[in-house]
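First up is the structure itself, then whatever we jot down about it.
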Amino acid sequence: MLSFAHYPTAPLVVVAALALDQLLGEPRRWHPLVGFGRLANQLEARCARHRLTGLLAWALIVLPPVWLTTWLIEVLPTPLKWALETIALYFAIGARSLVQHAVAVHLPLSHGDLVQAREKVGYMVSRDTSSLDEAGVARATVESVLENGADAIFGALFWFLLLGAPGAVLYRLANTLDAMWGYRNERFLHFGWAAARLDDLMNLAPARLAALGYCLCGNLPSGLRCWVAQATTWYSPNAGPVMAAGAGALQVSLGGPAIYHGICKERPQLGCGEAPGSDDILRACRLVQRAVLLWLTLILAGGLLHA
């Protein structure tokens with residue numbers, strides 16, 4: 001298994017996986033997470049609505065792929081092992097697709113096509129986007145870029161560096177189940193409890209490292225100030241630091257009321273300054289990209305020092 005004990009190989013795998021992501025993006029066909037999602041839906045439909053059942057279902061669907069990846073890493077020859085590690089990390093991250101989705105909102109919004117911008121941002125967020133104004137569309141997109149940047153990039157990198165390819169697989173599958181089962185509604189309140197809590201636990205460290213990266217790559221004083229003052233006001237223990245630090249680093253105002261499933265939810269204000277506009281969507285993307293370069297620089301430096 002790849003770990004800090006075998007750190008010299010980790011930077012090479014990270015570089016290769018990020019390069020594949022930038023070159024290919026997410027595969028449109030035969031993505032393993034699509035099949036995993038279908039299997040998760042079938043399993044959930046057959047389960048009782050209890051916490052213990054949800055925990056057992058989580059273990060039943062997540063642990064076998066992690067075990068299989070661990071076994072393959074142990075038995076494969078070195079070249080194939082490195083290839084498997086690279087492919088596993090490539091499937092676990094989604095840097096290019098995150099930017100592509102954000103740009104798909106920015107383009108119509110910057111040209112005054114609010115209808116199409118609402119449609120495109122609807123692919124990124126779970127809130128009702130049909131009545132959003134221009135600032136609302138930009139706000140939702142920036143929030144998604146910051147939060148999903150932590151999930152789709154930095155969380156996967158963190159767990160890969162900690163546990164190798166099995167760690168990246170574990171994190172991506174746990175994060176996917178949280179997105180599918182982690183709702184606080186009648187259907188998933190008990191069954192999805194384990195998926196939501198386990199995802200929170202796995203993101204405790206990487207979310208805060210991502211928030212620190214946003215601060216270092218943006219307006220540092222503002223990012224740190226908003227992080228300290230506002231993170232605990234947010235309803236998610238990990239999204240709070242990420243979004244507060246990111247909003248402060250960009251010096252834009254996020255949060256506020258949003259409609260979810262027909263119900264208006266009053267959310268705390270995050271960040272500082274004016275409401276974001278279409279150009280701030282691109283600024284958020286660049287902030288995430290700079291943070292990725294920062295992480296990559298530190299990973300490469302760590303590998304050289306270890307060697």
- Tell me, what HN-Hα J-couplings in whole Hz come from the Karplus equation 6.51 cos²θ - 1.76 cosθ + 1.60 at θ = phi - 60° for each residue of region 27-43, using x for Gly and Pro? x, 7, 10, 6, 6, x, 5, 5, x, 4, x, 5, 5, 5, 5, 5, 5
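Only Lys, Arg, Asp and Glu count, each charged at its Cβ (+1, +1, -1, -1), so figure out the dipole size of the chain about its Cα centre, rounded to 20 debye. The partial results should precede the final answer.
Values: 23 positive and 21 negative charges, 89 e Å.
The calculated dipole for the chain is roughly 420 debye.
What's the Cα-based Rg to Rh of region 2-135, Rh via Kirkwood? Before the final figure, lay out each step's value.
Numbers: Rg = 19.6 Å, Rh = 18.2 Å.
Reported Rg/Rh (Cα atoms, Kirkwood Rh): 1.08.
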- P(r) histogram, all alpha-carbon pairs of region 27-89 included - 5 Å bins from 0, percent: 3, 15, 20, 18, 17, 13, 9, 4, 1
- Per residue, the convex hull enclosing the alpha carbons of region 157-241 has a volume in Å³ of 93
- Item | Alpha-carbon radius of gyration plus Dmax, which is the widest Cα pair, for region 47-203 in Å | 18.3, 56
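What FRET efficiency comes out for the pair ALA229/VAL75, r = Cβ-Cβ distance, R0 = 45 Å, nearest 0.05?
According to the calculation, E is roughly 0.30.
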- the chain - Debye-derived log10 I(q)/I(0), Cα point model, q = 0.08, 0.13 Å⁻¹: -0.35, -0.96
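Please compute the contact order of the chain in relative form: average sequence separation of alpha-carbon pairs under 8 Å and at least six residues apart, divided by the residue count, as a percent. Please report the intermediate quantities before stating the final value.
Numbers: 480 pairs, mean separation 67.6, N = 307.
Normalised by residue count, the contact order of the chain is 22 percent.
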- Query: How far, in nm, would the chain grow between ILE259 and VAL103 when pulled straight, counting 0.36 nm per residue and subtracting the alpha carbon separation?
  - Reply: 53.8 nm
- Kindly write out, for region 218-235 in residue order, the coupling ³J(HN,Hα) from the Karplus curve 6.51 cos²θ - 1.76 cosθ + 1.60 (θ = phi - 60°), rounded to whole Hz, with x marking Gly and Pro. x, 7, 4, x, 5, x, 5, 4, 5, 4, 5, 7, 10, 4, 6, 7, 7, 6
- Message: Counting C-alpha atoms alone, how compact is region 199-307: give Rg to one decimal and Dmax as a whole number, in angstrom.
- Response: 15.1, 56
- Query: How large is the helix-only mean residue ellipticity at 222 nm for the chain, computed as the sum of -39500 (n - 2.57) over DSSP H runs with n ≥ 4, divided by its residue count, in deg cm²/dmol to the nearest 500?
  - Reply: -23000 deg cm²/dmol
- Item | Geometric extent, Cα atoms of region 121-176 - Rg, Dmax (angstrom) | 14.6, 44
- Item | Cβ-based exposure ranking for SER110, SER131, SER144, in which fewest neighbours within 10 Å come first | SER131, SER110, SER144
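Coordinate-derived values only; no laboratory data. On a predicted model such as this, the values are computed, not experimentally measured, just so you know. Heads up, the Cβs are rebuilt from the backbone with ideal geometry, glycines too, and the neighbour counts pull from every protein chain shown.
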